[in-house]
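To keep things clear, I will list the structure first and then write my remarks on it.
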Amino acid sequence: MQLRLKLILLAALPVAVALLCMGLMVRHQSLALAKDERQLVESAYLHSKETELRHYVELARTAIQRIADIEGLGESERQRRAIQAVSQMRFGDDGYFFLYDQRGNLLVHPEEMAVPNLDLCDPNEGSGQAPAQLLLDAAHAGGGLVRYAWTKPSSQITVPKLGYVLTIPPWDWVVGTGLYLDDVDQTLSRIDERAQRNIAATQQRLFLIAAACMVLIAAAGVMLNLKDHRISNAKLQRLAQRVVHSQEEERARVARDLHDGVVQVLVSSKFLLETAQLQHAYQEASSARSPDHGKALDQGLERLNEALVEIRRVSHGLRPALLDDLGLPAALALLCEQMTQGQELEVGFHQTGDVRPIPTTHATALYRVAQEAVKNAGTHANACTVLVTLEYRPHALTLQVHDNGGGFDVQRILADGTSGIGLRNMRERLDALNGHFHIQSDRSGTRIIATLPLMQGAEDDARAPHSQFDSSYAPA
């Protein structure tokens, strides 16, 4: 799996898990809130119904009490008027009162109340015995609320009913009324439905938010990928141009060295040998000895030796054989000696630590860094002395090149795309080997520090150095 996809998944999964947990938590809290709201509404509604019933029954008992207190009428007349008054009391479509005597007989008849489909709790009928007994027992116990199921007149459906009963002291009658609770159940059902709709809407919003987050994360990943792709392409193009430019420069340098050094020496040697050949032919023809004949041959041989030295120098500049044969310290010492000869630059070499085999890639990279750094010190920094230090440590190999030149602005050179190619090449060589490259430069000089990690007991991939090199070596 690509790193980019891993990063997108690492960003998307926590968001998805967080939104899922939020959705579950919101659902749980919403259900708990709806349950509490339902209980609160039911309690408040029933309390209001109970209060309403109590007031109705108190009003009916007060009316009967006034009739019972009328003077000048017989008791039977007063009871008849009380029964008639109760039968005429109504509230709403399904609200009515019922009245029982002291023996539990029903005093109010349904046909007298003008309520269609009305069925009172008659103790003498099978369906009304149990509810009537509950009402009478509650009244004789001091009055109060009674719950039972009864047929609602308007719908002819058996629904829960809440009744309230009291006794009337003069005649020991029981008066009461009741409210049907199906409207309470309907109200609570509407509350439940509304809560479910709210929960569903909240979950949909959370899902939309989650989808939007996933889309944004994916879009950000795509944009970042495209941006990195463009940056990588630009870097690759610049790197390709830099490689081509470096190759052309190296080819031009090799061609210049061969043309200006080796070719001229070989041409001079050719002329001297041709002169010696002509003198030798003239000597044979005239049988006379020429004093310049031996001199021309000596000069030709000297020129050939110079050509060999020049060829070795060019070859060493391309790839020093000493680096493969004797190792990095010997190659660096020879480099310092060659840079010192024939120049006004004094290059010294110092090596510390126990020399041990290192990979060829590490040796080549550090040699090229030292070669470029010493060359820059003499060419650009106008330095007089350069010290190259190679330090072997337990888990790393460090190369330091310190000169006393005039220094330069490191940030400006590295930021400029047209200069500092050598410094960037050094850094890229070390980055490819997981190394570290650091530059310190001021008016007192420049110090280049290159560090490469070494595994414990690492061995050279190609070959190890065949001998130890004296760390105290320094060219005079």
Under the condition of being over 20 Å from Met89 (Cβ atoms) and not small (Gly, Ala, Ser), which residue from the range 117-130 is surrounded by the most Cβ atoms within 10 Å (Cβ to Cβ)? Pro123
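So that you can scan it fast, the table gives a plain yes or no per residue for (1) at negative phi; (2) modelled with pLDDT of 85 or more; (3) more than 60 Å from the chain's Cα centre (by Cα); (4) among the hydroxyl-bearing types (Ser, Thr, Tyr):
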{"position": "Val41", "(1), (2), (3), (4)": "yes, no, no, no"}
{"position": "Tyr45", "(1), (2), (3), (4)": "yes, no, no, yes"}
{"position": "Thr51", "(1), (2), (3), (4)": "yes, yes, yes, yes"}
{"position": "Ala60", "(1), (2), (3), (4)": "yes, yes, yes, no"}
{"position": "Ser76", "(1), (2), (3), (4)": "yes, yes, yes, yes"}
{"position": "Gln79", "(1), (2), (3), (4)": "yes, yes, yes, no"}
{"position": "Tyr96", "(1), (2), (3), (4)": "yes, yes, yes, yes"}
{"position": "Ala130", "(1), (2), (3), (4)": "yes, yes, yes, no"}
Report the residue count in the range 10-45 for those that are open to solvent by 50 Å² or more (accessible area, probe 1.4 Å), closer than 30 Å to Leu162 by Cβ and not acidic (Asp, Glu). 9
Find the strands (runs of 3 or more DSSP E) located wholly in the range 363-457 whose residues include 1 or more that are out of contact with any strand residue (DSSP E or B) (no Cβ under 7 Å at 6 or more places or on another chain) and open to solvent by 40 Å² or more (accessible area, probe 1.4 Å), and list them. 436-442
Which numbered condition trips up Gly422, out of (1) touching a helix residue (DSSP H, G or I) at 6+ places or on another chain (Cβ under 9 Å); (2) under 18 Å from Leu323 (Cβ atoms)? (2)
Suppose the filter is modelled with pLDDT under 80 and in contact with a strand residue (DSSP E or B) (Cβ under 8 Å, 6 or more places away or on another chain); does Met89 pass it? no
What number of residues in the range 105-116 are part of a loop (DSSP other than H, G, I, E, B) and open to solvent by 20 Å² or more (accessible area, probe 1.4 Å)? 5
Qualifying positions in the range 46-55 - touching a residue at least 12 places away in the same chain (Cβ under 8 Å), surrounded by fewer than 18 Cβ atoms within 10 Å (Cβ to Cβ) and of a type outside the set (A, V, I, L, M): Glu50, Glu52, Arg54
Being closer than 30 Å to Leu188 by Cα, open to solvent by 40 Å² or more (accessible area, probe 1.4 Å), touching a residue at least 60 places away in the same chain (Cβ under 8 Å) and part of a helix (DSSP H, G or I), is that true of even one residue in the range 56-76? yes
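Among the listed residues Gln102, Gln88, Gln84, which satisfies the condition of being open to solvent by 50 Å² or more (accessible area, probe 1.4 Å), over 60 Å from the mean Cα position of the chain (by Cα), of a type in the set (S, T, N, Q) and within 21 Å of Ala138 (Cα to Cα)?
After ruling out the rest, the residue left standing is Gln102.
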Among the listed residues Thr167, Thr177, identify the single one that is closer than 28 Å to Arg81 by Cα, open to solvent by less than 20 Å² (accessible area, probe 1.4 Å) and among the polar types (S, T, N, Q). Thr177
Just to verify a result, which residue in the range 340-362, among those that are of a type in the set (S, T, N, Q) and at pLDDT 85 or above, is surrounded by the fewest Cβ atoms within 10 Å (Cβ to Cβ)? Thr352
For the range 371-403, enumerate the residues that are among the charged types (D, E, K, R) and under 17 Å from Ile421 (Cα atoms). Glu372, Lys375
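The values are calculated or read from the model by the stated rules, or taken from the named source; none is laboratory data. Treat the numbers as computed from the prediction; the structure is a model and nothing was measured. All Cβ positions, even for glycine, are placed from backbone atoms using ideal geometry, and neighbour counts span all protein chains on display. All accessible areas refer to the heavy atoms of the entire protein, side chains included, with ligands and DNA or RNA removed. Shrake-Rupley method; radii C 1.70, N 1.55, O 1.52, S 1.80 Å.
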